[in-house]
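Data first, discussion second: the structure below is written as structure tokens.
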Amino acid sequence: MTNKLPLLYRGLSLAIISLLNISSYVNAANFDTLGSATQNSFDSMEQAASTQNNTSSSSILNSFQQSEADNKKDHYFVALNLLRRNKINEAQNKITDLLKKFPNEAQFYNLQALLETLRKDDVAAQKNYQKSIDLDKNNTAAHLGLAKLVLDGGDLNAAKDYADKALLINDKLTGAYLILADIAYKQKNTTDAEKILRSGYEKIKGDIEQEIQLINTLGKFYVVQKQPEKLLSLAEDMVKRHKNNQALALLASAQIANTQYDLAEQTLTQIIKKDSQDITHRLLLAKLLSNKAGKEQETLQLLDETVKIDAHNPQAAVYKTAYFIKLKRSPEALALADSIEKQFPALAIGKLLKGDVYLADKQMDKAIEHFRQAYKIEANTSVLFKLADIMQVQGKVTDAIALLNTESAKDNKNNALHFKLATLYQQQNNMSQAQLHYETILNQQADNALALNNLAWLYEQQNNPKALDLAKKAYVLAPDTPAIADTYGYILLKQGQLKEALVQLEKASSAAPKDNDIQYHLAEAYAANDRTQKAIDILETIAKSGQDFSEKNQAETLLNKLKAP
């Protein structure tokens with residue numbers, strides 16, 4: 001069997017195969033959940049105090065009760081803000097003091113639980129959430145915190161129980177709907193996931209902040225499901241009910257998702273007319289216009305306007321530099337990158353932009369020099385991989401591998417690094433090292449579909465019987481990804497399961513009709529199933545295309561064999 005290029009280099013989009021991780025929204029909203037839930041709790045305390053009999057003595061008592069509630073609330077949000085800013089030690093001191101003064105206040109145990117979560121001590125976090133519930137059985141923040149913890153631990157049933165309890169207390173909790181939808185998605189029940197999110201949306205209608213949070217989640221869901229028109233319908237409905245920039249911003253995003261770029265431009269223009277200080281949507285409009293010929297002046301004007309709004313915000317200058325690079329106006333791009341570097345010397349962005357300018361001009365050594373400088377300031381895999389890619393283009397694959405191995409030794413749990421190394425080793429035909437890195441990924445993340453797929457291919461080359469099992473696991477995780485269906489189908493073919501192989505390869509071929517590797521595999525499957533003419537037709541189409549692909553020679557050999565008398 002030939003050495004098929006790894007998926008990373010066959011144009012596979014990671015976004016296509018990654019499952020919708022709704023729980024990331026819940027995680028990001030943990031602070032907001034605690035903040036809003038606690039605000040409601042303290043508001044209830046205030047309302048209880050204000051409903052007492054309005055006698056002189058009770059008024060004095062109410063005053064003290066109100067003062068104590070306000071005092072607790074103020075202390076709570078001070079601690080919460082410390083956690084938001086990741087000031088763990090200061091937050092711990094504050095929370096410890098609060099728990100000593102108010103040992104029966106449930107909300108302060110929620111704070112301690114959140115702190116333990118940030119420390120990655122899930123056991124301690126669960127204990128504190130449970131203590132909060134023991135003190136206040138209707139504490140929704142604690143129920144949601146526990147739901148998220150057990151969900152991350154893989155206990156879907158317990159997570160559902162906690163989320164359901166939270167909804168029984170308050171059926172307008174966005175976080176609960178997000179958790180329940182995530183559970184449904186993890187169970188591969190996309191219909192239920194959508195129903196849960198839509199149900200939550202109907203419950204919280206009228207609260208624009210929560211509406212936007214749920215619609216954003218639904219939007220990502222619909223994009224993954226290739227149903228962006230449903231997002232557009234929701235956004236249009238919101239604009240009818242909320243005639244403000246938040247609703248318009250959502251509409252613009254939905255229009256872009258539906259490739260309605262002209263309408264998106266109109267919507268974005270409305271937004272910036274209403275808000276002369278809006279930076280985000282000026283930049284988005286500039287990006288849309290930059291993709292159109294003859295719109296250079298309008299694009300640059302928007303970028304200049306954005307710089308004037310906030311000279312200390314580098315976004316517009318960064319995008320303007322990138323736009324100059326796109327227009328092949330390298331001297332202007334380099335001058336602007338230099339200006340950014342001088343204005344923001346502590347940031348890596350100026351050096352990154354200079355690297356991009358030199359890369360566009362094919363001055364590889366200068367590009368590497370500036371990317372290295374940027375990496376020293378801010379080490380991240382994006383810059384590291386760019387360095388490795390340039391070295392690869394220069395034919396210095398050994399240097400690229402050495403660089404990546406050095407960084408991998410510092411962080412052996414970085415699966416992106418392992419995957420990059422695996423693909424480079426695979427291209428070098430060093431299959432033992434490629435296999436080692438794929439196996440390392442799977443030891444840490446057993447459901448990584450890309451690693452499963454590529455390792456299955458390596459195993460098949462070695463006649464390892466584990467190949468089919470791994471390929472099937474990858475396919476179950478990402479059945480709609482053409483390259484993964486192709487691997488599964490091809491291994492089925494090689495292991496003699498001819499009919500099932502043909503089913504999978506027809507599916508892969510239909511989803512990726514221009515991928516000649518997949519078309520060749522389909523032709524092999526037709527030939528193996530005694531459908532010779534179908535195989536010949538495909539192989540002749542491939543030959544006429546004149547395109548290079550990894551198994552071109554094998555395809556030509558098979559065509560000649562099938563046409564031989």
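The values are calculated or read from the model by the stated rules, or taken from the named source; none is laboratory data. The structure displayed is predicted, hence computed values, not measured ones. Here the Cβ positions follow ideal geometry from the backbone for every residue, glycine too, while neighbour counts run over all protein chains shown. Only protein heavy atoms, including side chains, enter the accessible area calculation; ligands, DNA and RNA are left aside. Shrake-Rupley method; radii C 1.70, N 1.55, O 1.52, S 1.80 Å.
Couple of notes before you dig in:
- In the stretch 348-366, the qualifying residues are those that are out of contact with any helix residue (DSSP H, G or I) (no Cβ under 7 Å at 6 or more places or on another chain) and not in a helix (DSSP H, G or I), and the one that is least open to solvent (accessible area, probe 1.4 Å) is Gln363.
- Flag for Ala485 being part of a helix (DSSP H, G or I), within 27 Å of the chain's Cα centre (by Cα) and touching a residue at least 24 places away in the same chain (Cβ under 8 Å): yes
- In the stretch 401-444, the residue that is nearest to Ile368 (Cα to Cα) out of those that are small (Gly, Ala, Ser) and buried (at least 22 other Cβ atoms within 10 Å of the Cβ) is Ala422.
- Looking only at residues of the stretch 101-122 that are part of a helix (DSSP H, G or I) and of a type in the set (D, E, K, R), we find that the one that is surrounded by the fewest Cβ atoms within 10 Å (Cβ to Cβ) is Lys101.
- One residue stands out among those in the stretch 179-193 that are open to solvent by 40 Å² or more (accessible area, probe 1.4 Å) and touching a residue at least 12 places away in the same chain (Cβ under 8 Å): the one that is farthest from Leu477 (Cα to Cα), which is Thr190.
- Figure legend. Inter-residue proximity from the stretch 149-168: first residues over 11 Å from Ile179 (Cβ atoms), second residues open to solvent by 40 Å² or more (accessible area, probe 1.4 Å) and among the acidic types (Asp, Glu), beta-carbon distance below 7 Å, spacing 6+ or different chains. Indicated pairs: Gly153/Asp122.
- Helices (runs of 4 or more DSSP H) contained entirely in the stretch 244-345, each with at least 2 residues that are of a type in the set (Gly, Ala, Ser) and open to solvent by less than 60 Å² (accessible area, probe 1.4 Å): 245-257, 280-290, 315-326, 330-343
- Elements of type helices (runs of 4 or more DSSP H) contained in the stretch 375-479, each with 1 or more residues being farther than 30 Å from Val357 by Cβ and within 24 Å of the chain's Cα centre (by Cα): 415-427, 431-444, 449-461, 466-477
- Qualifying residue in the stretch 165-178 (condition: open to solvent by 60 Å² or more (accessible area, probe 1.4 Å), closer than 24 Å to Gln210 by Cα and either in contact with a Gly (Cβ under 6 Å, 6 or more places away or on another chain) or of a type in the set (A, V, I, L, M) (or both)): yes
- Candidates Lys552, Lys514, Lys507, filtered to the one that is over 24 Å from Lys226 (Cα atoms) and out of contact with any strand residue (DSSP E or B) (no Cβ under 6 Å at 6 or more places or on another chain): Lys552
- Exclusive hit being open to solvent by 20 Å² or more (accessible area, probe 1.4 Å) and closer than 27 Å to Lys226 by Cα, set Pro482, Pro465, Pro565: Pro482
- Meets criteria (at pLDDT 90 or above and either surrounded by fewer than 18 Cβ atoms within 10 Å (Cβ to Cβ) or not acidic (Asp, Glu) (or both)) for Asn216: no
- Of the residues making up the stretch 529-547, not a single one is touching a helix residue (DSSP H, G or I) at 6+ places or on another chain (Cβ under 8 Å), under 21 Å from Gln461 (Cβ atoms) and not in a loop (DSSP other than H, G, I, E, B).
- Residues in the stretch 490-499 include none that are within 25 Å of Asp469 (Cα to Cα), in contact with a Ser or Thr (Cβ under 9 Å, 6 or more places away or on another chain) and part of a helix (DSSP H, G or I).
The rows are residues; the columns are (1) in contact with a His (Cβ under 6 Å, 6 or more places away or on another chain); (2) open to solvent by less than 20 Å² (accessible area, probe 1.4 Å); (3) within 23 Å of Gly546 (Cβ to Cβ); (4) not aliphatic (A, V, I, L, M).
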site: Thr487; (1), (2), (3), (4): no, yes, no, yes
site: Ile491; (1), (2), (3), (4): no, yes, no, no
site: Gly496; (1), (2), (3), (4): no, no, no, yes
site: Glu500; (1), (2), (3), (4): no, no, no, yes
site: Lys514; (1), (2), (3), (4): no, no, yes, yes
site: Asp517; (1), (2), (3), (4): no, yes, yes, yes
site: Ala523; (1), (2), (3), (4): no, yes, yes, no
site: Ala527; (1), (2), (3), (4): no, no, yes, no
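- Residue match in the stretch 154-174 (condition: in a helix (DSSP H, G or I) and under 19 Å from the mean Cα position of the chain (by Cα)): no
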